[in-house]
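These notes are about the structure you will find just below.
The values are calculated or read from the model by the stated rules, or taken from the named source; none is laboratory data. Note that this is a predicted model, so its numbers are computed, not measured. Cβ sites come from the backbone with ideal geometry, for glycine too, and all protein chains shown count toward neighbours. Note: accessible area is taken over every heavy atom of the protein model, side chains too, but ligands, DNA and RNA are not part of it. Shrake-Rupley method; radii C 1.70, N 1.55, O 1.52, S 1.80 Å.
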Amino acid sequence: MTSILGASTMPYALQVGDRLLTMPSSQGPREWDAVANKSILLLTPNGTLSISYSGLAYIRGVPTDQWIAEALHGEKFAAPDGRLCMQAGNFIPRLGPAIQSLVAAIQRDFFTLPYSYRRHQLQVLATGWTWKRRVSSSRLPRPLAFRIICDGASRKIRSDILPRHWRWDRGLIQLSAIGGDERGQRERTIGKLGLPTDLTADVCESILVDAVRSLADIEPTVGRSCMSLLIHRDQEVRVRFLPDPEKDDQHSAYTPWVLGYRIVMPPQVLKGWLPSLNTGPFKVSFDRYPPLPPARFGSSSTQVRRASP
């Protein structure tokens, strides 16, 4: 089980989640992939979303993050093989049709799996911004957050969306979450976020990362390495990898899927450098905390994933 937390407020939308995949065993959950990607950054003409999942890690033999990316895009992708891979083309998604395609893929692929797979459930959290195609003073971007909860037993989808009017323009912070939380860690996080109304994005990120790692200390299916996706209202995006301090190799950073203006970028492993990406009106910077050590040379390659067990 994963822990994904999202925070929405007037200046920014933020999503933080762990990256650990585990497998059941007779001795309890065991690590399958410590830094598996669980997030997609979706850039569209009428919205920007960070989308993450919790639950079943492979759907029909494909890593669930790739399966979600394929559903949003409408095409199948080759499995990353460790080489530099970035696809350019005419793909310019729109928010509504992309989400509708994801729901259709859940009904087509997830709900038709045997119950032994469906019982692991599937939850999706999206956090970001939406706006009318022509932005004006009366059509400014507004926060958008919603969850898709798939009940494997009943084959029903439950969705809840952030209300359109919740006084976000007055500095309030709205928290959303998916994943395990048997011991009330999420409520303690809400308490921290509910005190100040002017949290900076970095302070908010620190609170969410601490919440995920505190849950990881008591829940073996939650990891301590985190991915943070910060989307500012002006369409600037920061993707930050925060490795487990106890297992940090100090030489690598990771990125999520990036789907958007004429670009499809699978998750990357970055060494020695942290690039930025300009696509359409969007500016995406990649970051790591602690930062990568200085290096004379840098490299980028697709993140190779373990095959489905």
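Across the protein chains, with a 1.4 Å probe defining accessible surface, the residues ASP198, ASP244 rank ASP198, ASP244 from largest area downward. Normalising the average separation of contacting C-alpha pairs (under 8 angstrom, six or more residues apart) by the number of residues puts the relative contact order of region 40-157 at 31 percent. Note on LYS283/ASP198: beta-carbon distance plugged into 1/(1 + (r/R0)^6) with R0 of 25 Å gives a FRET efficiency of 0.55. Judged by the ratio a/c of the largest to the smallest principal axis of the C-alpha gyration tensor, region 243-309 counts as oblate, that ratio being 1.5 or greater while a/b is no larger than b/c. For the pair SER154 and LYS132, label points projected 7 Å from Cα toward Cβ lie 3.7 nm apart.
Extending 7 Å from the Cα toward the beta-carbon at both SER276 and HIS120 defines two label points whose distance is 3.9 nm.
Taking the Cβ-Cβ separation of ALA78 and ARG170 as r and a Förster radius of 51 Å, what is the calculated FRET efficiency to the nearest 0.05?
0.60
Go through VAL203, VAL237 and list them by solvent-accessible area, largest first, probe radius 1.4 Å.
Numbers: VAL203 70, VAL237 5 Å².
From most accessible down to least: VAL203, VAL237.
Cα centroids of region 218-282 and region 14-53: 11 Å apart.
Here is how the number arises for the chain: DSSP H runs of 4 or more residues each give -39500 (n - 2.57), the sum is divided by the residue count, and the result at 222 nm is -4500 deg cm²/dmol. Among all stretches of the chain without exposed GluC sites (Glu not before Pro) (DSSP loop, at most 13 other Cβ atoms within 10 Å), which one is longest? The answer is 76-181.
How large a share of the accessible area of the chain, in percent, is made up of carbon and sulfur atoms when the probe is 1.4 Å and the other protein chains stay in place?
51
Taking the Cα centre of region 71-130 as reference, the dipole from Cβ charges on Lys and Arg (+1) and Asp and Glu (-1) amounts to some 120 debye. CYS85 exposes around 60 Å² of accessible area when a 1.4 Å probe is run over every protein chain in place. Partner lysines whose Cα lies under 21 Å from the Cα of LYS132, excluding those fewer than 8 positions away in the same chain, are identified as LYS283. Among HIS73, HIS251, HIS165, the sequence by solvent-accessible area, most first, with a 1.4 Å probe is HIS165, HIS251, HIS73. In a DSSP loop and with at most 13 other Cβ atoms within 10 Å, the trypsin sites (Lys or Arg not before Pro) in region 269-309 are ARG296, ARG306.
For region 193-309, the square roots of the Cα gyration tensor eigenvalues, ordered a ≥ b ≥ c, give a/c of at least 1.5 with a/b no greater than b/c, which places it in the oblate category. Here the contact order of region 228-309, divided by its residue count and restricted to Cα pairs under 8 Å and six or more residues apart, works out to 31 percent. Evaluated over the Cα positions of region 199-255, the convex hull gives a direction-averaged projected area, one quarter of its surface, of 4.7 nm². Between GLN250 and SER101, the FRET efficiency from the beta-carbon distance, with R0 = 30 Å, is close to 0.15. Available extension along the chain between SER206 and GLU236 is 8.8 nm, counting 0.36 nm per residue and deducting the alpha carbon span. Considering only protein heavy atoms, what per residue accessible area in square angstrom results for the chain with a 1.4 angstrom probe? Value returned for the chain: 47 Å² of accessible area per residue. Of the chymotrypsin sites (Phe, Trp or Tyr not before Pro) found in region 206-309, those that fall in a DSSP loop while having at most 15 other beta-carbon atoms within 10 Å are TRP273, PHE297. Look at the alpha carbon pairs under 8 Å that are at least 6 residues apart: their mean separation over the length of the chain gives a relative contact order of 26 percent.
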